[in-house]
1. Sort S131, S254 so the one with the fewest other Cβ atoms within 10 Å of its own Cβ comes first.
2. Would you mind ranking L220, L241, L77 so that the residue whose beta carbon has the fewest other beta carbons within 10 Å leads the list?
3. In degrees, nearest 10, range 0 to 90: what is the angle between the Cα axis of helix 189-205 and the longest Cα principal axis of the chain?
4. Between Rg and the Kirkwood Rh of the chain, both from Cα atoms, what is the Rg to Rh ratio?
5. Provide S120, S160 in ascending order of the number of other Cβ atoms located within 10 Å of each residue's Cβ, fewest first.
6. Out of every Cα-Cα pair in region 1-150, what percent are more than 26 Å apart?
7. Lys/Arg Cβ at +1, Asp/Glu Cβ at -1, dipole of the chain taken about the Cα centre: which of V145, A128, L30 is farthest positive-ward?
8. Name the residue, out of E161, E57, E94, whose mean-square fluctuation peaks in a Gaussian network model built on the chain with Cα pairs under 10 Å.
Amino acid sequence: MSIEKFGVIGAGQMGNGIAQVAAASGMEVLMSDIKEEFCEKGIGNISRNLDRMVKKEKISEGDKTAILGRIRTTTSLEDMKGVDFVVEAAVEREDLKFKIFEDLDRICPPGVILSTNTSSIPIGRIAAQTSRSDKVIGMHFMNPVPVMKLVEVIKGIATSEETFQLTWDLCEKFGKTPAEANDYPGFIANRILMPMINEAVFCLYQSVGKAEDIDTVMKLGMNHPMGPLALADLIGLDTCLAIMETLYDGFKDSKYRPCPLLRKYVEAGWLGRKSGRGFYQYT
């Protein structure tokens, strides 16, 4: 199966990053979102990313123009009927993803693979919303997508070997390093990462240390490039909370209980970098 036209659902930080790497690999990309302003913001972010690459002489001005020229946007999911492969990168809400996959199953031809960038929701549960469970797979990119090399590739119980191999090959075409994970809540990356972030929030909540000190300990003591609280702000505290809730619901184990302070910040609208305030303030 030849994949030439690539669809991306969602123009946010993950969606526009995926669109950028797909277009940079030579594919025609269709990126959709619910509002034109979201699409425009996504294209603006891609353009700024490419400007930085031009300035660092990683690509030429001509390369930037060619990459942007391969990306189209739409506010109609129906336009996905013309693509060969779709990755969904909407917000981490189960009900929203279920509706998107129901619609994509109706819109896209039967041979089209439907992948999801979910960071924690079981693939089998998403696949059950379609009539093509064998062609549904997890394709979990890391943030920021153009920089991070890893993609977790997650097979649901019904995912075919052909779907898995095509997705694996596509990751490599994008210049990424794929890693196979089994279909459990959180997969590998977030089953390990999010409880660590959650424990860092508990340390702040219980006054074990200030945010700066907690992050300094993890950066200098464990050689992490970024402290867990700063990383949570980058990911988005609403996303962190959603993943912890998925882990807690999936395993029914108290070690995955979201910290009350994390929930309080999300309820206050302190979502991290994207809202201007999280564990740190941003201007």
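1. S254, S131
2. So the ranking, lowest neighbour count to highest, is L220, L77, L241.
3. For 189-205 against the chain, the angle is about 30 degrees.
4. Answer for the chain: 0.97.
5. Lowest to highest Cβ neighbour count: S160, S120.
6. In whole percent, the share of Cα-Cα pairs in region 1-150 beyond 26 Å is 21.
7. In the chain, that residue is V145.
8. E57
The numbers here are math on the coordinates, done by the rules we state, and not lab data. What you see is a predicted model, and the numbers here were worked out from it, not measured in a lab. Neighbour counts are summed over all protein chains in view; Cβ atoms, including those assigned to glycine, are modelled from backbone coordinates with ideal geometry.
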